[in-house]
Structures are given as structure tokens and as C-alpha cells.
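The values are calculated or read from the model by the stated rules, or taken from the named source; none is laboratory data. Keep in mind that what you see is a predicted model, and the values were worked out from it rather than measured. Don't worry about glycine lacking a Cβ; one is built from the backbone with ideal geometry, like all the others, and counts go over all protein chains shown. All accessible areas refer to the heavy atoms of the entire protein, side chains included, with ligands and DNA or RNA removed. Shrake-Rupley method; radii C 1.70, N 1.55, O 1.52, S 1.80 Å.
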Amino acid sequence: MKSIKNHLSLVIALVSILFSVQVLLISERSISAYKEKLAHDYSLVVVAQKKLNYSDIMKENSIIATITQLSPDNVIARLHTGMSAKNVALLKLTLPKFYNIKLKYYPSSSEIKILTKKLLRKPFITKVENFSNTHDLTYKLLLLFKKVITIFSVSMLIVTMLLIFKELKIWQFKHNERMNIMGLFGAPLWMRSAILFRLSIVDAIIASFVSFILFTLIASDDWIHEQFDSIGITVKIFDPFSDLMILTALAIVVSIVLSLLIILGHKEEV
Amino acid sequence: MDKVIIADNLSLAYSDDETIINKVKFSIDSGSFVFITGASGSGKSTLLKSLYGALNPQEGSLVVGGVELKGVSNAKLNFLRKHIGIVFQDYKLVKEWTIEKNIMLPLLINGYEKGVTQNQVDSLLKHVRLKHQAGKYPQELSGGEQQRVAMARALSHNPILILADEPTGNLDDYSAELIWNLLVGANEQLKTTVIVVTHHIPETIKVDYKHYHIEFGRINEVN
Ligand SMILES: Nc1ncnc2c1ncn2[C@@H]1O[C@H](COP(=O)(O)OP(=O)(O)OP(=O)(O)O)[C@@H](O)[C@H]1O
Ligand SMILES: [Mg+2]
């Protein structure tokens with residue numbers, strides 16, 4: 001009972017740090033998944049007088065994933081009532097060519113502007129439709145979403161840090177007492193500090209384990225996946241290997257830094 | 001005879017404005033049993049602090065176990081402290097450790113083997129009549145019991161010098177007798193030098209002792 005109480009304060013602080021970091025990871029992931037989905041749905045339409053040289057254009061604009069020519073048949077079909085086959089063939093030759101351009105990732109507004117400008121610089125490209133109004137709106141929403149999550153997680157981190165610094169004084173006091181007593185019986189500094197490091201690494205491992213349980217539970221909840229499904233993306237909530245490694249490493253680093261702070265603040269009382 | 005403590009022109013102070021011990025000269029033979037008395041606030045605990053190096057001499061020289069404590073290095077001080085057993089006036093037990101672990105501390109610091117350590121702790125617990133409390137934490141013990149734990153800890157590593165600050169201050173006559181017997185036993189059997197701060201020298205004590213009295217910053221031998 002007693003030993004649990006000793007561990008609790010640092011473990012809680014570490015868990016809330018790990019929680020905010022994992023939330024940041026999840027939001028980072030959902031945004032890139034959402035961007036990918038948007039990139040998939042988004043395309044530009046280019047009108048040209050001549051057949052385009054795909055490889056030239058793609059070399060100049062690395063953002064372009066694919067270029068496909070749109071068939072003019074649909075347009076012609078609407079006009080062709082009462083036209084002879086010969087005229088239709090002629091019309092096909094004189095009609096401008098339409099192309100659909102897909103991008104590798106979802107561009108920012110300025111990337112779209114630059115791409116449009118570069119394409120229009122080609123003498124035979126007469127028009128570029130980039131649907132910039134719709135794009136701007138979704139893009140801004142995306143950025144807003146990202147900002148809100150980041151602010152939320154960062155403020156949670158800051159509050160936790162403040163709490164930790166307040167607790168640090170108490171820990172410092174508590175560990176200082178023990179370190180002092182050990183010193184009075186001749187324990188060298190490394191021996192006095194060793195206990196502290198061992199304790200805080202144990203706490204870091206407990207905190208990682210608690211986070212592991214917490215996020216495994218969250219990840220197994222259908223509700224959260226339904227939310228992501230509803231905007232058409234799938235996001236990994238918690239990877240039991242790589243995420244756990246990140247969180248454990250982070251917890252250990254934080255607790256070692258805290259231990260160092262306590263040891264640096266260690267004073268022998270008279 | 002070897003001197004375990006040599007003080008020459010020694011002054012002790014916590015700040016420059018107030019000197020607690022003022023230019024005293026004394027020496028203590030190795031293997032002797034010494035009582036220190038004095039009014040409350042006269043500087044008894046302060047003198048002990050200087051002997052285990054927690055308070056640096058303001059002036060003069062103080063040699064304990066062959067180590068000059070004025071401006072002593074950390075390494076030398078740690079070495080010396082490993083061979084001293086201290087009973088603090090406020091016990092200074094580690095709160096988050098069991099009684100057993102507290103008594104073990106000097107043995108762990110001195111790098112004793114686990115088996116030796118456990119035997120030593122068991123026998124000390126028996127001597128201070130706390131065998132049944134071994135797994136408890138200091139706060140779960142009475143003041144007198146904590147004091148006995150502090151005594152057991154001070155004896156655990158068979159130190160060459162024991163410094164005890166009012167080790168029977170909180171004890172009934174029976175428990176006090178127990179403590180005196182332990183200290184006398186260490187002094188007689190292991191030739192441990194024992195320095196005890198106390199308000200009352202027990203009349204029944206069966207040992208040849210020296211008695212110093214602290215008054216007005218001076219240390220005088222009483223006959
Ligand atoms: N850490 C400290 N900082 C400043 N002054 C101190 C400190 N400890 C003790 N003093 C002062 O030094 C003087 C001697 O104190 P000390 O503790 O040595 O007395 P003592 O003889 O042990 O008394 P008691 O019998 O009450 O334990 C007192 O006037 C006290 O106020
Ligand atoms: Mg005192």
C-alpha cells in the first residue's frame with residue numbers, strides 16, 4: 001500500500017504526458033490520412049490545344065502523380081445529332097484536349113497557385129481549372145482541426161509540466177532526506193542517486209504500461225473508429241510495438257531528467 | 001594511547017555572528033567511553049555534527065580517525081563516515097524504508113554480503129527487542145521504538161566510533177538499560193570508542209568513562 005502511494009504521483013504525471021503525446025501522434029496520423037483521402041479526391045482539369053508531353057510536365061512539377069487525357073466522346077455525343085461521321089471526326093481534331101491531373105498529396109493553397117501558373121506558362125495550355133474555392137475551404141478546415149488538437153495537447157503538456165515542477169519540490173524534499181541520511185553513513189553520491197534512478201525508471205515503466213492498457217482499450221472501442229469512418233479514413237490509434245516504444249522511451253527520458261534535476265538540487269543540510 | 005579525536009583551537013559556528021563552540025582543545029583516546037553533558041542549546045549536538053563532518057570547523061583543526069575535517073574532501077569524508085555509527089537526536093530514519101532496511105543501511109554502504117547483513121540485522125533486532133516489528137515503517141513505531149532502531153543502525157556495521165545524541169531520551173528505564181548495555185558491550189568487546197550526549201549519566205553504568213561538560217562555548221572535563 002505504502003509503496004504504491006510512493007509511486008503514484010510520478011506515475012500519474014508521466015501517464016498524462018504520455019497521453020497528450022499519443023493524442024498528438026493520433027491527430028498527426030488522422031490528418032495525414034485525411035490529406036491522403038483529399039488528395040485522392042482532388043484533381044485539376046487542364047485544357048490544351050496540343051497533345052501534352054506528360055514526362056516534360058511531370059519533370060517540372062514533382063507534385064503531379066498522374067495525368068490522364070479525358071475522352072472528348074461525351075462532349076461530341078451531345079453535339080453529334082445530325083452530324084455526319086466525317087464532320088464528327090473533323091470536330092474531334094479541332095476540339096481542344098482535356099486532361100485530368102492528380103497530385104501525389106493534398107497541396108496547400110500556394111502550391112496550387114504555383115502549379116497553375118507553371119502550367120499556364122506552357123504556350124499550348126489555354127486553361128487550368130483548379131477548383132481553388134472548394135479546395136481552400138477544405139484545406140482551411142483541415143488546418144483548423146489540426147490547430148485545435150495541437151493546442152489541446154500542448155496545453156495539456158504544459159499543465160502537466162507545471163504540476164510536475166510543483167511536485168518536483170516535494171520529491172526533492174523527500175529524496176533529499178533519504179540522500180542526506182545515506183550520506184551521513186558515508187554513501188557516495190552515485191549510491192545515493194542510484195535509488196532515485198531505479199525508482200524513477202520503475203515509475204516510467206509503470207506509466208508506459210498504464211498508457212499501453214489505456215490506449216489498447218481506447219483502440220478497441222468501436223465508437224472511435226466509427227468517428228474516423230464517418231469522414232472516410234482509417235487511423236491507427238495505438239501501435240502496440242512502435243507507439244509503445246516511443247512512449248516508454250519518452251517516459252524514461254522524462255524521469256531521468258527529473259532525477260537529474262533532483263540530484264542537482266540536492267543539498268546537505270547542517 | 002591512540003587518539004581517535006584531536007581538536008585544537010576548534011571553533012564551531014553556523015554563521016559568522018554567533019560562535020557556538022569557542023577555541024576548545026581536547027582529545028579522546030581510542031576505545032574510551034565518553035559522556036558529554038550541557039544545558040539545552042549549549043552546543044552538544046553541534047559538537048557531534050562537527051565530529052561526523054556535517055559542520056566544518058570555523059577555526060582551528062579537528063582530526064577524527066586520522067582525517068583532518070577542516071576542508072575535507074567528499075571522498076575522504078565518506079570513507080570516514082563508513083566507520084562511524086551515529087544515533088541522531090531526531091533519529092533520521094528513512095521513512096520509505098522498513099525498520100529492517102533502515103538497520104541494514106550502513107551494512108549496504110560498506111558492501112557487506114547479503115548473508116552477513118541479514119544475520120547481523122536479525123541479531124540486532126533481537127537485542128533491541130524489535131524482532132516482531134522488522135517489516136514495519138518508522139511512522140508505525142513509537143518514539144522510543146524508533147530510537148532503538150536508530151541505535152541498532154548505528155551499531156550494525158561495527159563502527160570504530162559511535163556518536164549517540166541522547167540515545168535514551170525517549171525511553172523508559174528498562175529500554176534505557178538495554179541501550180546502555182549495548183553501548184557498553186560494543187565498547188568492551190569491540191573496543192569501539194563511544195561518545196554519548198546525555199542529560200543524565202546513569203548511576204548504574206558499569207564502565208570507566210570520561211565526562212565532559214559544555215558551557216559558554218567551552219568544553220571542560222568533569223572529575
Ligand atoms: N542548523 C542550525 N542553524 C543555525 N543555528 C543552529 C542550528 N542548529 C543549532 N543551532 C543553534 O546552535 C546552538 C546549539 O545548538 P545544539 O543543537 O548544538 O544544542 P544542544 O546542546 O544539542 O541542545 P539540546 O540539549 O536541546 O539538544 C543553539 O543556540 C541553536 O539555536
Ligand atoms: Mg541536541
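Across region A:188-235, what is the number of residues that are open to solvent by 40 Å² or more (accessible area, probe 1.4 Å), at pLDDT 90 or above and not in a helix (DSSP H, G or I)?
Looking only at that region, the number is 2.
Output yes when any residue across region A:255-269 is over 19 Å from residue A:20 (Cα atoms), touching a strand residue (DSSP E or B) at 6+ places or on another chain (Cβ under 8 Å) and within 16 Å of ligand 1 (Cβ to nearest atom), and no when none is.
no
Which of the residues spanning region B:160-175 are modelled with pLDDT under 90 and either within 16 Å of ligand 1 (Cβ to nearest atom) or not acidic (Asp, Glu) (or both)?
Scanning region B:160-175 gives B:169, B:170, B:171, B:174, B:175.
Tell me the residue from A:149, A:101, A:114 that is surrounded by 15 or more Cβ atoms within 10 Å (Cβ to Cβ) and assigned to a helix (DSSP H, G or I), please.
Just a single option satisfies the conditions, and that option is A:149.
Looking at (1) open to solvent by 60 Å² or more (accessible area, probe 1.4 Å); (2) more than 14 Å from chain B (Cβ to nearest Cβ), which is the only condition residue A:250 fails?
Going through the list (1) open to solvent by 60 Å² or more (accessible area, probe 1.4 Å); (2) more than 14 Å from chain B (Cβ to nearest Cβ), residue A:250 breaks only (1).
Please find, within region A:153-179, the residue that is farthest from the chain's Cα centre (by Cα) out of those that are touching a residue at least 24 places away in the same chain (Cβ under 8 Å), within 14 Å of another protein chain (Cβ to nearest Cβ) and open to solvent by 10 Å² or more (accessible area, probe 1.4 Å).
A:176
Starting from residues that are more than 14 Å from ligand 1 (Cβ to nearest atom) and open to solvent by 80 Å² or more (accessible area, probe 1.4 Å), keep the ones in region B:205-218 and report whichever is nearest to the chain's Cα centre (by Cα).
Within region B:205-218, the match that is nearest to the chain's Cα centre (by Cα) is B:209.
Give the residue that is nearest to the other protein chains (Cβ to nearest Cβ), with candidates limited to residues of region B:176-204 that are more than 15 Å from residue B:33 (Cβ to Cβ) and either open to solvent by less than 10 Å² (accessible area, probe 1.4 Å) or within 16 Å of ligand 1 (Cβ to nearest atom) (or both).
B:199
Residue by residue, here is whether (1) of a type outside the set (S, T, N, Q); (2) within 14 Å of chain B (Cβ to nearest Cβ) holds:
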residue: A:186; (1), (2): yes, yes
residue: A:196; (1), (2): yes, yes
residue: A:230; (1), (2): no, no
residue: A:242; (1), (2): no, no
residue: A:260; (1), (2): yes, no
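For region A:159-187, how many residues are at pLDDT 90 or above and aliphatic (A, V, I, L, M)?
Residues meeting the conditions: 5.
Could you check residue A:138 against (1) surrounded by 14 or more Cβ atoms within 10 Å (Cβ to Cβ); (2) under 30 Å from residue A:259 (Cα atoms) and say which number it fails?
(2)
Can you name every residue in region B:58-76 that is open to solvent by 10 Å² or more (accessible area, probe 1.4 Å), more than 8 Å from chain A (Cβ to nearest Cβ) and not β-branched (Val, Ile, Thr)?
The answer is B:58, B:59, B:60, B:61, B:65, B:66, B:68, B:70, B:71, B:73, B:76.
Can you tell me which residue within region B:79-102, out of those that are among the polar types (S, T, N, Q) and open to solvent by 20 Å² or more (accessible area, probe 1.4 Å), is farthest from the other protein chains (Cβ to nearest Cβ)?
Going through the qualifying residues, I end up with B:89.
Confirm whether residue B:28 is within 16 Å of ligand 2 (Cβ to nearest atom) and either in a helix (DSSP H, G or I) or among the aliphatic types (A, V, I, L, M) (or both).
No: the conditions fail for residue B:28.
Tell me which residues, restricted to region B:24-48, are open to solvent by 30 Å² or more (accessible area, probe 1.4 Å), within 16 Å of ligand 1 (Cβ to nearest atom) and more than 14 Å from every other protein chain (Cβ to nearest Cβ).
Residues satisfying the conditions are B:39, B:40, B:41.
Please name all residue pairs, on different chains or six or more residues apart, with Cβ atoms under 7 Å, provided the first residue is in region B:15-42 and is within 18 Å of residue B:83 (Cβ to Cβ) and the second residue is open to solvent by 30 Å² or more (accessible area, probe 1.4 Å) and within 14 Å of ligand 1 (Cβ to nearest atom).
From residues that are within 18 Å of residue B:83 (Cβ to Cβ), there are no pairs.
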